[in-house]
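Asks: Below is a structure I'd like to ask you about.
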Amino acid sequence: MMLRNWIASMVALVAAPLSAQAPRPLPNGIEAANGTATLRVTAITDNILRVRIAHGGAFAEDASWAVPRNVRMKSVAVRGTSDGFATGALSVHLNPSTLRLTVTDPAGKTIVADAADALRFNGRGFTLRKALPIDQHIFALGDKTGPLDRRGGTFVDWNTDAFGFAPSSDPIYKSIPFYIGSDSEGRAYGLFLDNSWRSTFDFGHKDAAAIELSAPDGPIDYYVIAGPTVGDVVRRYTDLTGKAPMTPLWALGYQQSRWGYSSDPEVREIGQHLRSDRIPADIIWMDIDYQDRYRPFTVDKTKFPDLAKLNRDLNADGIRLVAITDLHIAYAPNQGYAPLEAGLAGNHFVRKADGSLYVAPVWPGAAVFPDFTSTRSRDWWGSLYKDFIADGFAGFWNDMNEPAVFETPTKTMPIDNLHRVDSDDFAARDATHAEIHNVYGMQNTRGTYEGMLRLRAGVRPFVMTRASYAGGQRYSATWTGDNSSTWDHLRLCVQQLQSLGLSGFTYSGCDVGGFVGGASPDLLTRWYEVAAFTPVFRNHSAHDAPRMEPWVDGPDHLAIRRHFIEERYRLMPYLYALAQQNSHTGDPIMRPVFYDYPDSMKSDCDKAMAWTLGPSLMVAGPPKMESPQPFSVCLPPGGWYDYWTGQPVTQPKLTLSPKLGELPVFVRAGTILPRQPLVQSTMQAPQGPLQLDVYPGENCRGELYFDDGVHIAGPHLRQSIECATVPSGIAIWFNQREGTWRPWWKQITIIVHGAHEVRKTIPDQPRANKAILAVPQ
């Protein structure tokens, strides 16, 4: 008996937490320690909590690549409770012995809770475990492959050159350690783990009832973001990590690219073909072919004798050029290669673990890699764009910035390479590549973006990146990398772009037609149909793939592809207003249907190819576009119209048959949709009236936003329009216009859709004018 009692007492002693202390209240939160770890929870806002955990004594340095200091330092006063604290929107409950955390709403409903065995340490590594309720869906994580709902999967954050990735490949190009949990009623929360090391997210894969977040090193520093809606979470996540700056208008236009436009005459011929075939377009991209021996910031003068003239001539046709500038610098000492010589003189390159220069093969052969975590090196990098900006390039493309390295199984540099950190509020120090790898591409684009701001003051930079980290939307647009010409990749594209939008990157696209392999005529045409309703619309293909310009498959396919490109240009006022909204709110341009219509999660329709552009347009493509099999479309409650015919849709569920050249698109009842006359480029002012398509319904309204499309600041125009049903029909009125930007239109054509379409053209309406038009219905 005595032995049994002694064993029981020893078991209880081992199981008991070490030196559990009473929680210490803070003005904006609470802190507790149990002998193994110290946990601090603070309220950044009423809806955002920051959780930091120290293994042992001291917390990691309070620094971040993703969350600026002025945001991290925000706080709100909290009200202490018996087991934690409360803000105006949520309550925190803490077990001081186990440090298990539960966050609830004011009614006591759990938002997020720690699972059993909530915190584990393994040397310098850690694992966090959160409860995963049976009805919870998981979204976001950036450009990860697989289904939109991440539940049941395990994902790794480690930026990877994933050429020809499969629909289930992981990891790929970006690391955005942010996810959204949403239950069957649409109640949502977000969790952002601000740790740049190689982290892993398991959403009920190993344990169906638990989410596990782990990393081998780095800080335990995460944010809990309360909803209650998915939209609330996304807006607050971008409050933390930053809003994407307003894009140039031309970046919303059609874009033509290929790895293989290898001479001045060929680039000109592409531009001339776009114009002769009357294909609206704004950009031609120049891949590595224009460079001298693939060396960044050089030009092969035999193939491109005068880039400034090429830019001027294409600009005269309404086409801008965007040039690739890979981040690796050719290691060609004593050859007069200025970027290398200046970089070596300034000590701007990454080093090996022994302190010597790191040299590895990429496109130009032996290459060195700028140290983008150094402010001084980023500034130097940005200065390299001076001549290209003087030549007239409109934007730049940072590729290969995972960073990609050839002739190594890891496809990247050794993790013990050394970077200098002297940026933001980080302490000046050396850091290994294991810590810096996932932010390397983001800081590359930061150097490009900030360099463009300095060299072309007042003009909106346009930067495209392949690799990034949370918060990278502050510096660049992105695309999904080297995809393939398959029907599966077309479906994957739709999922990836929605996920990127939920993760802060509203300006994203997929290579239309697929980069690797070559699309069949039907696949390429279908991809054009889909891409016309995505944020970035770029056709791009590999040098060894069949040509994929719009005209390559004959007049019938060209007619369909041109039709969808033209429709995008007519919709430019609506897209641009969404872009402006995103810059202030973080609401993505391309969204899952459930973003604005949570009940759509419960529909029994296949949602693989359904999404919305803003709250007003819903695209519902066939889930298997290669198949003639009929498919179902479930429309959210509230009333909808057929975009193409303007007729009301009377049934909430439709059965449709796929047909090449047709893409089902619907307009929410209560929408006033601005459209413009067709142009061949956003450089061209539309000729004729602004068109307002009115789809009567509840809360009927629309928004106009215009400016010059190029400058960061300057005159703008903003105006809301409303409509309502009155005894005489549909009344439409214009609210007072803001701003001094002078519009291109002198008249407005109003089209009221319904069983009987009514059309009327009126003078422009800059001032408030109640019930300007009563349209009988």
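Asks: Would you pick out the residues in the range 481-492 that are assigned to a helix (DSSP H, G or I) and buried (at least 24 other Cβ atoms within 10 Å of the Cβ)?
Replies: In the first step, residues of the range 481-492 are kept if they are assigned to a helix (DSSP H, G or I); the result is 487-492.
Once the filter is applied, which keeps residues that are assigned to a helix (DSSP H, G or I) and buried (at least 24 other Cβ atoms within 10 Å of the Cβ), the range 481-492 yields 489, 490, 492.
Asks: Looking at (1) small (Gly, Ala, Ser); (2) surrounded by 15 or more Cβ atoms within 10 Å (Cβ to Cβ); (3) part of a loop (DSSP other than H, G, I, E, B), find the lone condition where residue 77 falls short.
Replies: Going through (1) small (Gly, Ala, Ser); (2) surrounded by 15 or more Cβ atoms within 10 Å (Cβ to Cβ); (3) part of a loop (DSSP other than H, G, I, E, B) one by one, residue 77 breaks only (2).
Asks: While we're looking at this one, here's another question. Give the residue that is farthest from residue 112 (Cα to Cα), with candidates limited to residues of the range 84-96 that are more than 35 Å from the chain's Cα centre (by Cα) and open to solvent by less than 60 Å² (accessible area, probe 1.4 Å).
Replies: Out of the qualifying residues, it is 96.
Asks: Go through the range 48-100 and count every residue that is closer than 27 Å to residue 197 by Cβ and β-branched (Val, Ile, Thr).
Replies: Residues meeting the conditions: 7.
Asks: Being at pLDDT below 95 and open to solvent by 20 Å² or more (accessible area, probe 1.4 Å) is the filter; apply it to the range 715-734 and report the residue that is nearest to residue 762 (Cα to Cα).
Replies: 733
Asks: So residue 331 clears everything in (1) open to solvent by 40 Å² or more (accessible area, probe 1.4 Å); (2) in contact with a Leu (Cβ under 9 Å, 6 or more places away or on another chain); (3) free of Cβ contacts under 8 Å to residues at least 12 places away in the same chain except one condition, right? Which one?
Replies: (3)
Asks: Collect the residues in the range 425-463 that are of a type in the set (D, E, K, R) and either at pLDDT below 95 or within 19 Å of residue 508 (Cα to Cα) (or both), keeping them in residue-number order. Let's see the steps before the verdict.
Replies: So the first thing to find is which residues in the range 425-463 are of a type in the set (D, E, K, R), and the list is 425, 429-430, 435, 446, 450, 454, 456, 460.
Listed by number, the residues that qualify are 425, 446, 460.
Asks: Pairs needed: first member in the range 439-464, more than 22 Å from residue 426 (Cβ to Cβ); second member anywhere, open to solvent by less than 30 Å² (accessible area, probe 1.4 Å) and of a type in the set (Asp, Glu); C-beta distance under 9 Å; at least 6 residues apart or different chains.
Replies: Once the first residue is more than 22 Å from residue 426 (Cβ to Cβ) and sits in the range 439-464, its partners that are open to solvent by less than 30 Å² (accessible area, probe 1.4 Å) and of a type in the set (Asp, Glu) give 464/399.
Asks: Kindly provide the set of residues from the range 97-117 that are under 21 Å from residue 203 (Cα atoms) and surrounded by 20 or more Cβ atoms within 10 Å (Cβ to Cβ), ordered by number.
Replies: Result: 101, 103, 111, 112, 114.
Asks: Could you check how many residues of the range 152-211 are touching a residue at least 60 places away in the same chain (Cβ under 8 Å), touching a strand residue (DSSP E or B) at 6+ places or on another chain (Cβ under 7 Å) and among the polar types (S, T, N, Q)?
Replies: Going through the range 152-211 one residue at a time, the tally reaches 4.
Asks: Between residues in the range 754-776 that are open to solvent by 60 Å² or more (accessible area, probe 1.4 Å) and residues that are among the hydroxyl-bearing types (Ser, Thr, Tyr) and modelled with pLDDT of 90 or more, which pairs lie under 7 Å by C-beta distance while being six or more apart or on different chains?
Replies: Every condition considered, the pairs that remain are 759/749; 761/749.
Asks: Go through 764, 708 for me and flag whichever is acidic (Asp, Glu) and in contact with a helix residue (DSSP H, G or I) (Cβ under 9 Å, 6 or more places away or on another chain). Steps first, please.
Replies: Numbers: 764 fails: in contact with a helix residue (DSSP H, G or I) (Cβ under 9 Å, 6 or more places away or on another chain).
Going through 764, 708 in turn, just one is acidic (Asp, Glu) and in contact with a helix residue (DSSP H, G or I) (Cβ under 9 Å, 6 or more places away or on another chain): 708.
Asks: Cβ-Cβ below 8 Å, separation at least six or inter-chain, first residue in the range 694-714 and in a strand (DSSP E or B), second at pLDDT 95 or above and of a type in the set (Phe, Trp, Tyr): which pairs?
Replies: Cβ pairs passing all conditions: 695/641; 705/576; 706/576; 706/741; 707/741.
Asks: Quick one: which strands (runs of 3 or more DSSP E) sit completely within the range 584-681 and have at least 1 residues that are touching a residue at least 24 places away in the same chain (Cβ under 8 Å) and buried (at least 18 other Cβ atoms within 10 Å of the Cβ)? Steps first, answer last, please.
Replies: On the way: elements: 610-613, 617-620, 631-634, 640-642, 653-656, 665-668, 671-675.
Here the list reads 610-613, 617-620, 631-634, 640-642, 665-668, 671-675.
Here's the yes/no breakdown for (1) more than 25 Å from the chain's Cα centre (by Cα); (2) within 21 Å of residue 252 (Cβ to Cβ); (3) in a loop (DSSP other than H, G, I, E, B):
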{"residue": "542", "(1), (2), (3)": "no, no, yes"}
{"residue": "546", "(1), (2), (3)": "yes, no, yes"}
{"residue": "569", "(1), (2), (3)": "no, yes, no"}
{"residue": "578", "(1), (2), (3)": "no, yes, no"}
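Asks: Somewhere in the range 347-357, is a residue of a type outside the set (D, E, K, R), under 28 Å from residue 248 (Cβ atoms) and surrounded by fewer than 19 Cβ atoms within 10 Å (Cβ to Cβ)? Write out each step before concluding.
Replies: Here is the first cut: in the range 347-357, the residues of a type outside the set (D, E, K, R) are 347-350, 353, 355-357.
Next, only the ones that are under 28 Å from residue 248 (Cβ atoms) stay: none.
Looking through the range 347-357, none of the residues is of a type outside the set (D, E, K, R), under 28 Å from residue 248 (Cβ atoms) and surrounded by fewer than 19 Cβ atoms within 10 Å (Cβ to Cβ).
Asks: Right, here's the next one. Which one is most open to solvent (accessible area, probe 1.4 Å), of the residues in the range 53-69 that are touching a Gly at 6+ places or on another chain (Cβ under 9 Å) and within 12 Å of residue 218 (Cβ to Cβ)?
Replies: Quick first cut of the range 53-69, residues touching a Gly at 6+ places or on another chain (Cβ under 9 Å) only: 60, 64-68.
Those left that are additionally within 12 Å of residue 218 (Cβ to Cβ): 60, 64-65.
Values: 60: 50, 64: 7, 65: 15 Å².
Among residues in the range 53-69 that are touching a Gly at 6+ places or on another chain (Cβ under 9 Å) and within 12 Å of residue 218 (Cβ to Cβ), the one most open to solvent (accessible area, probe 1.4 Å) is 60.
Asks: Checking the structure you have, find out if any residue of the range 716-725 is closer than 29 Å to residue 320 by Cβ and more than 33 Å from the chain's Cα centre (by Cα).
Replies: Filtering the range 716-725 for residues closer than 29 Å to residue 320 by Cβ gives 716-719.
Next cut, more than 33 Å from the chain's Cα centre (by Cα) only: none.
No, the range 716-725 contains no residue that is closer than 29 Å to residue 320 by Cβ and more than 33 Å from the chain's Cα centre (by Cα).
Asks: Right, another one. Any idea which of (1) within 18 Å of residue 28 (Cβ to Cβ); (2) outside any strand (DSSP E or B) is the one residue 96 doesn't satisfy?
Replies: Failing condition for residue 96: (1).
Asks: Residue 268 - would you say it is touching a Gly at 6+ places or on another chain (Cβ under 7 Å), open to solvent by 10 Å² or more (accessible area, probe 1.4 Å) and of a type in the set (D, E, K, R)? Even if it seems obvious, please write down each step before you answer.
Replies: Details: touching a Gly at 6+ places or on another chain (Cβ under 7 Å): no; open to solvent by 10 Å² or more (accessible area, probe 1.4 Å): yes; of a type in the set (D, E, K, R): yes.
Taking the combined requirement at face value, the residue does not satisfy it.
Asks: Would you tally the residues in the range 632-655 being more than 27 Å from residue 674 (Cβ to Cβ) and touching a strand residue (DSSP E or B) at 6+ places or on another chain (Cβ under 6 Å)?
Replies: Total meeting the criteria: 4.
Asks: Let me ask something additional. Which of (1) in contact with a Cys (Cβ under 9 Å, 6 or more places away or on another chain); (2) modelled with pLDDT under 95 does residue 653 not meet, given it meets every other one?
Replies: (2)
Asks: Pick out, from the range 257-367, the strands (runs of 3 or more DSSP E) lying fully within it that include 2 or more residues that are of a type outside the set (Val, Ile, Thr), touching a helix residue (DSSP H, G or I) at 6+ places or on another chain (Cβ under 9 Å) and over 28 Å from residue 432 (Cα atoms).
Replies: Numbers: elements: 283-286, 320-324, 360-362.
Counting at least 2 such residues, we get 320-324.
Asks: Which of (1) open to solvent by 10 Å² or more (accessible area, probe 1.4 Å); (2) touching a residue at least 60 places away in the same chain (Cβ under 8 Å) is the odd one out, the single condition residue 321 does not satisfy?
Replies: It fails just one condition, (1).
Asks: Can you name the strands (runs of 3 or more DSSP E) wholly within the range 386-480 that have at least 2 residues being among the acidic types (Asp, Glu)? First the steps, then the outcome.
Replies: On the way: elements: 395-398, 418-421, 429-432, 463-465, 477-479.
Qualifying strands (runs of 3 or more DSSP E): none found.
Asks: Next question. Is one or more of the residues making up the range 693-709 under 26 Å from the mean Cα position of the chain (by Cα) and modelled with pLDDT under 95? Before you say what the answer is, go through the steps one by one.
Replies: Within the range 693-709, the first condition is being under 26 Å from the mean Cα position of the chain (by Cα), and the residues that meet it are 702-709.
Restricting the remaining residues to those that are modelled with pLDDT under 95 gives none.
Within the range 693-709, none of the residues are under 26 Å from the mean Cα position of the chain (by Cα) and modelled with pLDDT under 95.
Asks: Quick one: in the range 397-423, which of the residues that are in contact with a Phe, Trp or Tyr (Cβ under 7 Å, 6 or more places away or on another chain) and either closer than 21 Å to residue 66 by Cβ or basic (Lys, Arg) (or both) is surrounded by the most Cβ atoms within 10 Å (Cβ to Cβ)?
Replies: Within the range 397-423, the subset in contact with a Phe, Trp or Tyr (Cβ under 7 Å, 6 or more places away or on another chain) is 397, 401-403, 413, 417.
In the following step, the residues that additionally are either closer than 21 Å to residue 66 by Cβ or basic (Lys, Arg) (or both) were identified as 401-403.
On the way: 401: 26, 402: 29, 403: 26.
Restricting to residues being in contact with a Phe, Trp or Tyr (Cβ under 7 Å, 6 or more places away or on another chain) and either closer than 21 Å to residue 66 by Cβ or basic (Lys, Arg) (or both), the top hit is 402.
The values are calculated or read from the model by the stated rules, or taken from the named source; none is laboratory data. Everything numeric here is computed off the predicted structure, so don't read it as measured data. Neighbour counts are summed over all protein chains in view; Cβ atoms, including those assigned to glycine, are modelled from backbone coordinates with ideal geometry. All accessible areas refer to the heavy atoms of the entire protein, side chains included, with ligands and DNA or RNA removed. Shrake-Rupley method; radii C 1.70, N 1.55, O 1.52, S 1.80 Å.
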